1. DSSP loop GluC sites (Glu not before Pro) in the range 164-237 with at most 12 other Cβ atoms within 10 Å of their Cβ, which ones?
2. Quick check: the distance between the Cα centres of the range 103-175 and the range 262-299, to the nearest angstrom?
3. Taking 30 Å as R0, compute the FRET efficiency from the Cβ-Cβ separation of residue 275 and residue 98 and round it to 0.05.
4. Which three numbers, in whole Å and largest first, are the semi-axes of the equivalent ellipsoid of the range 128-240 derived from its Cα gyration tensor as √(5λ)?
5. Looking at the chain, how many pairs of lysines come closer than 25 Å at the Cα, when each pair is eight or more places apart or spans two chains?
6. Relative contact order for the chain using alpha-carbon pairs under 8 Å, separation at least 6, rounded to a whole percent?
7. Would you work out which of 158, 126, 207 lies farthest towards the positive end of the dipole of the chain? Charges go on Cβ: Lys and Arg +1, Asp and Glu -1.
8. Under the classification rounded if a/c is under 1.5, otherwise prolate if a/b is larger than b/c and oblate if not, where does the range 59-169 fall, given a ≥ b ≥ c as square roots of the Cα gyration tensor eigenvalues?
Amino acid sequence: MRRHVLAAAATVAVVASGIPAAASAAPAGSGPAGPAAGSVTFAVLGDTPYGDAQRAVFPALVDQINADPKVRFVLHAGDVKDGSSTCDDARFADLVNLYDTFADPFILTPGDNEWTDCHRTAAGGYLPTERLEAVRRTFFPNPGWTLGRRSVPVLTQALDPQHASYRENVLFWRSQVVFASVHVVGSENNLAPWAQLPGGDQPAVRLAEFEARKAAALDWIDTAFATAKATGAAGVLLLMQAEPTDTLGFAEIRARIVEKARAYGEPVLLVHGDEHRYEVEPGYAGVANLTRLETFGASASEWLSVTADPRSPAVFSWTGRTVE
């Protein structure tokens with residue numbers, strides 16, 4: 001509990017001080033107690049580019065988003081590649097360079113294809129925990145800073161000594177809304193055996209990774225909602241790769257989101273990918289103020305334009321966009 005309070009206090013202090021002004025883009029002097037913030041529009045992607053063919057046309061998607069004057073940042077819900085392509089360093093380097101062509105800040109949460117599923121023979125037969133460290137080095141090279149040409153500061157969970165590895169879990173504040181990415185992935189959140197790993201599955205290593213990351217995720221969810229309450233935020237957006245279903249790998253995370261969202265009472269948008277279909281589920285898990293939004297996936301020609309407006313009762317609205 002003390003750690004949660006300290007993390008939330010640190011978040012509030014950062015927001016109030018204006019240190020991440022570029023990331024939150026909160027006008028000077030317009031904190032939670034100041035004038036009502038205006039709306040902000042951002043792009044949401046997921047599961048893209050899914051294979052080499054989509055990699056080839058992905059720059060057109062970047063160009064369209066860069067040309068949209070309303071878009072102020074980009075969220076990616078994980079899976080930077082398909083599950084059959086290699087997980088080598090060269091591919092990762094190419095993809096991070098691709099994401100850096102976005103003009104605005106780019107925020108990624110990892111997916112299973114870039115590390116948990118790298119045990120697959122077609123993906124290279126890698127030890128997934130080794131690839132996870134490669135993902136962190138490559139896609140999160142400067143903890144506390146986004147990708148994108150206009151890289152900006154965000155709060156990272158790596159500041160917490162108990163979760164120092166989790167640089168990928170970040171939080172920022174924009175238009176009186178708290179945005180938080182939480183590392184939750186498919187393949188049953190890494191409970192699925194590494195069946196094709198040379199030498200066989202390593203259940204002790206796999207389960208230790210799962211438990212540590214789950215603990216970090218639960219604490220980060222607590223921090224997001226504590227920050228929202230402390231700042232009087234109009235809404236919360238949680239970004240993760242996989243839908244937290246009521247199964248073994250996700251049950252505790254799902255229960256924590258349900259508990260915190262219900263107690264918070266204001267609009268909460270749970271954004272994820274993984275299943276490759278656009279889907280909206282209001283009243284998710286029986287919580288009236290919680291909406292699940294799954295973005296387009298396995299597509300380099302579709303994306304969501306999402307707006308957060310603290311003056312609107314629903315706070316969040318969105319529309320699908322297609323690259324012509």
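Values quoted throughout were computed directly from the atomic coordinates according to the rules given, and no laboratory measurement underlies them. Keep in mind that this is a model prediction, so the values were computed, not measured. Note that we place each Cβ from the backbone using ideal geometry, even for glycine, and neighbour counts take in every protein chain shown.
1. Loop-located and lightly packed - none at all.
2. When both Cα centres are located, 22 Å separates them.
3. 0.80
4. They are 29, 16, 11 Å, listed largest first.
5. Lysine pairs meeting the criterion: 4.
6. Normalised by residue count, the contact order of the chain is 21 percent.
7. 158
8. It is oblate, given that a/c is not under 1.5 and a/b is not larger than b/c.
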